[in-house]
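Asks: Have a look at this one.
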Ligand SMILES: [Zn+2]
């Protein structure tokens, strides 16, 4: 797989899962509003995909080793992976009651992240459980922090 495409895929997928999970868990515990959660997911899918794509664009450019075409492949693949993976989280929210949808989203996000980590580890012949544990633990930390902040926001400002 081409370096530039791989950069966009890894970044977009990981960021699409972690950012969206953190946001919806925080919005849920902060507002318990389906509308807020749906708005959050759509905003991340658009605005944060642009922001990440530009971040990767500048980052790849600053390496000064890539052609313009390679930089643009990384930019566009970042946008697409972030956009698509962020949007997948809207499915449980539309189909399920909000509390269940958040639980389903956490399970879905951790499964995709775990599977992607397994693929990376296999390819690099590293210990799979170490890579998976590392990434899943970081995601869990983000989820817990977002949940606590949401609780705090709701008890402080409502
Ligand atoms: Zn690079």
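Coordinate-derived values only; no laboratory data. Just so we're clear, the structure is a prediction, and the values are computed from it rather than from any experiment. Cβ sites come from the backbone with ideal geometry, for glycine too, and all protein chains shown count toward neighbours.
Asks: Have a look at 22, 30, 26, 12 and point out the one that is in contact (Cβ under 8 Å) with a residue 24 or more places away in the chain and within 16 Å of the ligand (Cβ to nearest atom).
Replies: 12
Asks: Scan the stretch 65-102 for residues that are away from the ligand (no atom under 16 Å from the Cβ), assigned to a helix (DSSP H, G or I) and exposed (fewer than 13 other Cβ atoms within 10 Å of the Cβ) and report the count.
Replies: Count: 4.
Asks: Can you tell which of 15, 29, 59 is over 10 Å from the mean Cα position of the chain (by Cα), within 28 Å of residue 154 (Cα to Cα) and part of a helix (DSSP H, G or I)?
Replies: 29
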